[in-house]
Structure formats: structure tokens, C-alpha cells
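Notes follow the structure.
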Amino acid sequence: MSTILVTGGCGYIGSHTITDLVENGYDVVCADNNMRSTTQLLDAVEKITGKKIPFVFTDLCKIEEVRALFAAHRFDGIIHFAALKSVDESVKDPALYFYNNLASQVNVLKCTEEFAVPFFVFSSSCSVYGNVSDLPVTEDTILAKAESPYGLTKQMGEQIIRNTSPASKTKFILLRYFNPAGAHPSGHIGEVPFGRPSNLVPAITQFAAGKIPALTVFGTDYDTRDGSCIRDFIHVSDIAHAHTMAFKFLTTVTDGHYCDVFNLGTGNGITVLETIQAFEKVSGLQLDYKTAGRREGDVVAVYASNEKAAKTLGWKPQYTIEDIMRTAWAWEQRMATQ
Ligand code: WQD
């Protein structure tokens, strides 16, 4: 039985990925500092899988804590999710993002080498592309300037791994998530924003549930079909399953040194206004949103070609934007009753 360390496993994508890994026969250990999470989602994973997930409270920015974590277990693989991920917040506090996202990654990478862990999957992001005109983006698209410190931490994170790989026996995969959204079909886990949501889909569902006083569209004067930004919303369970498929693929790689990158998106770019309309269609509600100026750090448009992940990993998204809205809304309403 392979044991996978999932850092940041108490989070949104982490908890969904742990669910998928366990359902596919992996053992998992979750390490998290609960800076932006609690163990609520991890406890709920047990309801779905019937398995209690070992949890180690760890400050990954402290190398001695990371070393103790690795010394206490034999990991066959690592999925490194642990990072702050708000574009908006990173613009306001860049130093927090560079410290938290890079110190934790370097420590986990150092211990991966010291303990000779064979496989490492890195949580990257479509934010690495910046503002590129040639869409959809492929993994060969030349990266533009990162539009936010968050995006820059992911560009730097990828470069650190690319430059570690040639001297490492560990095999690496970088997964570039587009816009993760939605919730597990069981309704037991979903996105739990820390404070007021900065991401669009939870902002929509919280506004629809009356939890926040307004839904604001940031920017309606972009050079797009309706003036609002374009994104590629991908169901979180599709993202989760891609990690399981990435590990299965890594065990087949015979190259001495291996590091490759894959887009995880649907290939469908939709605008912010179209996203709101998709929610209205699924929920039957009419959202009286406001419009405001552009949000600093936003990319105008980004959506994926996912052909490489399909060809190499055998990964294909199973959920639609309607599934995203339906599961996100069901989760929001369930949280309202908890
Ligand atoms: C999307 C669009 C906003 C809120 C996210 C993650 C990041 C990465 C990429 C994985 C923008 C607009 C938003 C609101 C709005 N994913 N918006 N009103 O910035 O693309 O980044 O996906 O790593 O981690 O954060 O997502 O949902 O914040 O914004 O108009 O209340 O929706 O301006 O155009 P973003 P987002």
C-alpha cells in the first residue's frame, strides 16, 4: 500500500484529493498548519471514505517540523498543496505570500530529497501564464509576467522544481489548476472560504444564500465578448482525480530524471457574467449583482488546452459548469444548516 503525504490536506482541493486517493487504494497522511482551514473537511472525508485520515499539525515553514514529519513516516509520494492562494490578498501582502508559499515548498522539497521520496506532485496554477493573447494556453505557452505575487510564487515554485529535478532521483509532476470550483457530489465536503470569499463561485453562492450583502463584478470594460474577465472553471473533483492519475502515471516512468507539467482545465473559457448566468439557470434565482472597477492582479482571460493531460495521464474532466453550480449551491445550502 502506498502512503502519500498531502500537505495542505485540510483545504478545499486537498480534502477532495485525499478522498479520491483513498477511494483509489492509497493511504494518506495530512499535514496542515490550519492557517486558513480547520479539520472540518478532513473529518468529513471519513464520512465519505469510512477511513480516518492521520493528521499532523505542521508548520511547513519550520524545517525541523518538516523533518520530524518525514522521519515519523515512510512516504511513497508527496502532494504539496500547502500555500496561500488568493490573487487579491497577495497583491495586498506580497511578503506573506513569498514567505509562506516558498519557504514551505523549499522545506518539503529538501526533506523529499533527504528521505528519498520517489514521487512529488506540485500544486501549480494557471496564474503562471499571466496575460497571454494566444488562447487556449498549452503547457508550451511562453509564460508572461505574473499579474500577482500569488502567480509569481507559482512561477518561482515551478522553476525551483525544474532546477531541482536534474540532480534528483525524485520524479516530479507540476499540475496547473485553472479555476477550481464546485463541491463533492456527496455534499460532505466543499469550499470553506476563510472570511469573505475572494473567489467568484463562493461569492456567488454566499450572496445567493444572503451571507454577504453584495455580489460585485470586478471590471466590465475588458476586451472580451461581454466586457468581463474569462476563466476556465473546473470541478474540484476533476482536479482531485487528476492527482491520483498523476501518481499512477509516475509509477510507470522509467526515466532517471523526470519533471513535466500538465494543464487541468476544461478548455471552455466563460466570462464572469456567464458564470453568474450559469448559477442563475441552475438555482432558478436572479442575482442582483453590482459592477465595479477592475481588480488589481486579475488576468483578462485564461483557459486551457487539456490535451496533454488527456494523452499522457488519461485524464478528462467529467463535470460541467452546471455540475459545478449545482454542487456548489448544494454545499452552500448545507453549510447554512450546520
Ligand atoms: C475570477 C474572476 C475576478 C470575485 C483563482 C484562484 C487561484 C488559481 C486561479 C488555483 C476575476 C472575478 C471574483 C468576485 C468578481 N487557482 N470576481 N467578483 O483570481 O482567477 O484565481 O484561480 O490555483 O488560486 O484564486 O479567481 O474567482 O478570484 O476571480 O468579479 O466577487 O472573477 O475579478 O476576474 P482567480 P477568482
- Task: For the range 250-270, name all the residues that are modelled with pLDDT under 95 and either in contact with a His (Cβ under 8 Å, 6 or more places away or on another chain) or among the acidic types (Asp, Glu) (or both).
- Result: ASP255
- Note on the structure: Among the residues of the range 105-154, the number that are more than 16 Å from the ligand (Cβ to nearest atom) and in contact with a strand residue (DSSP E or B) (Cβ under 8 Å, 6 or more places away or on another chain) is 8
- Residue selected from the range 142-181 under the condition among the small types (Gly, Ala, Ser) and in a helix (DSSP H, G or I), by the criterion farthest from THR312 (Cα to Cα): GLY151
- Query: Since ASN100 meets every condition but one in (1) in contact with a helix residue (DSSP H, G or I) (Cβ under 8 Å, 6 or more places away or on another chain); (2) of a type outside the set (Asp, Glu); (3) within 16 Å of the ligand (Cβ to nearest atom); (4) under 24 Å from ILE173 (Cα atoms), which condition does it not meet?
  - Reply: (1)
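Quick grid of which residues meet (1) assigned to a strand (DSSP E or B); (2) near the ligand (Cβ under 10 Å from one of its atoms):
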position	(1), (2)
SER198	no, yes
PRO213	no, no
VAL217	yes, yes
GLY227	no, no
ASP238	no, no
MET245	no, no
THR266	no, no
GLU280	no, no
GLN286	no, no
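Which residue is surrounded by the fewest Cβ atoms within 10 Å (Cβ to Cβ), if the candidates are limited to the range 288-300 and must be within 9 Å of the ligand (Cβ to nearest atom) and not in a loop (DSSP other than H, G, I, E, B)?
That would be ALA292.
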- Identify all residues within the range 109-133 that are within 29 Å of PHE233 (Cα to Cα) and in a helix (DSSP H, G or I); write none if there are none. CYS126, SER127, VAL128, TYR129
- Query: Going through the range 38-64 one residue at a time, which ones are surrounded by 20 or more Cβ atoms within 10 Å (Cβ to Cβ) and of a type outside the set (A, V, I, L, M, F, W, C)?
  - Reply: THR58
- Task: Report whether or not ASN199 is under 13 Å from the mean Cα position of the chain (by Cα) and over 30 Å from SER2 (Cα atoms).
- Result: yes
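The values are calculated or read from the model by the stated rules, or taken from the named source; none is laboratory data. Everything numeric in this text was worked out from a predicted model, so none of it was measured. Backbone-built Cβ (ideal geometry, glycine too); neighbour counts: all protein chains shown.
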